[in-house]
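Step one of this worksheet: look at the structure below.
Every read-out reported here was derived from the displayed coordinates using simple, explicitly stated rules and does not represent laboratory data. Note that the coordinates shown come from a computational prediction; the quantities given were computed from them, not determined experimentally. Every residue, glycine among them, receives a Cβ derived from its backbone with ideal geometry; neighbour counts consider all protein chains shown.
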Amino acid sequence: MTFARARIAERLFNTPLLYDARKAEAFVSGLGGRIAGADVTIVNGGEGIEHQAFENGRPSAGRLGNRMERHLQQQDLLPFDMIGAVAIIPIEGSLVHKGGWLGSYSGTTSYQGLQTQIAMAMKSPIVRGVVFEIDSFGGEVSGAHETAAMIRALSKAKPTIAILTDFAYSAGYMMASQARQIVAPKFGGAGAIGVIMLHADMSAFHANQGIDVTIIRSGAKKAQGNPFEALPADLKAKWQATADAMREEFASYVATGRAGRITKAKALATEAAAFDAAEALSLGLIDAVGDPSAAFDAFVKAVNR
């Protein structure tokens, strides 16, 4: 396993993820073998989906110490496009915790970059409203809640709208749910209010290949969850409890951000399902189904009036 693949593996396996399950399955199906060095079998798999934000010509809009924000402030720059007094902040592709860039990069958006943009939109006197243009199947847990909280605070101070140019699932939906309004296209979707964790069990593969892996450990719990041994039942239960707690908090964020439209109980009752636009509207996950460009024009006109 190369160092680069090890870096990918540590962000994919044995850690909670706010990904739509179909996206996670597609990722494992496509890259799992190259990461693990052998074929990967998905037990009880469903139907993976390949998704690239704004593909096929669809339009795009684009931690500690906050180095990016300070750098931009020193140059008197705003890190987002503006039309009149409206800022446009894209949330697209896979969402990752840290990344020293703004906007999307190689199909990912970093919470770090989003936090810089949100903070500067909040502080700027020339920004009177913010559009979040969203097309994402979700991403990492780390950084998601903090970013959603910042969007919620911004929404209390200034008009905001989440316009889905396609989908907002899992962490992507967590971000959208904190805006004052959500509009999705007719064939878009929203939801997947849940948490997923993946564990690769390579023990049978190595046994079939005649490879014995010896783990020297000091401390009975050391290296638990490694891919060379079956997942212990107690660790599986612990991870399940962690995922359940994170889902509870996710639902709380949705209920707070969309107060009066969906409760925490109803958010949990979706059982992390992903819904098309019409279903999402009926459940209170979004506010309207319509053309993204028309929704954008209407918002810009109202803010700039």
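Okay, here's what the table says:
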quantity	calculated
Full-extension gain in nm, ILE216 to THR256, via 0.36 nm per residue minus C-alpha separation	9.7 nm
Theoretical FRET efficiency, 1/(1+(r/R0)^6), r = Cβ-Cβ of GLU248 and GLN209, R0 41 Å, to 0.05	0.50
Projected label distance in nm at ASP291 and ASP201, using a 7 Å step from Cα toward the beta-carbon	5.3 nm
Anchor LYS221: lysines whose Cα lies under 23 Å away (excluding residues fewer than 8 positions away in-chain)	LYS236, LYS238
Candidate lysines for bridging to LYS301, where Cα separation is under 25 Å - those fewer than 8 sequence places away on the same chain excluded	LYS123, LYS156, LYS158, LYS186
Neighbourhood net charge (15 Å Cβ-Cβ; Lys/Arg +1, Asp/Glu -1) for ALA251	+2
Label-to-label distance, nm, for residues given as ALA273 and ALA157 (7 Å Cα→Cβ offset)	3.9 nm
Binned Cα-Cα distances of region 158-267, short to long, each 10 Å bin given as a whole percent	13, 30, 21, 17, 14, 5, 0
Around GLN240: net Lys/Arg minus Asp/Glu count, Cβ-Cβ under 14 Å	0
Net charge over other residues, Cβ less than 14 angstrom from the Cβ of THR214 (K, R count +1; D, E count -1)	0
Residue order, fewest to most surrounding Cβ atoms within 10 angstrom, among ARG217, ARG261, ARG305	ARG305, ARG217, ARG261
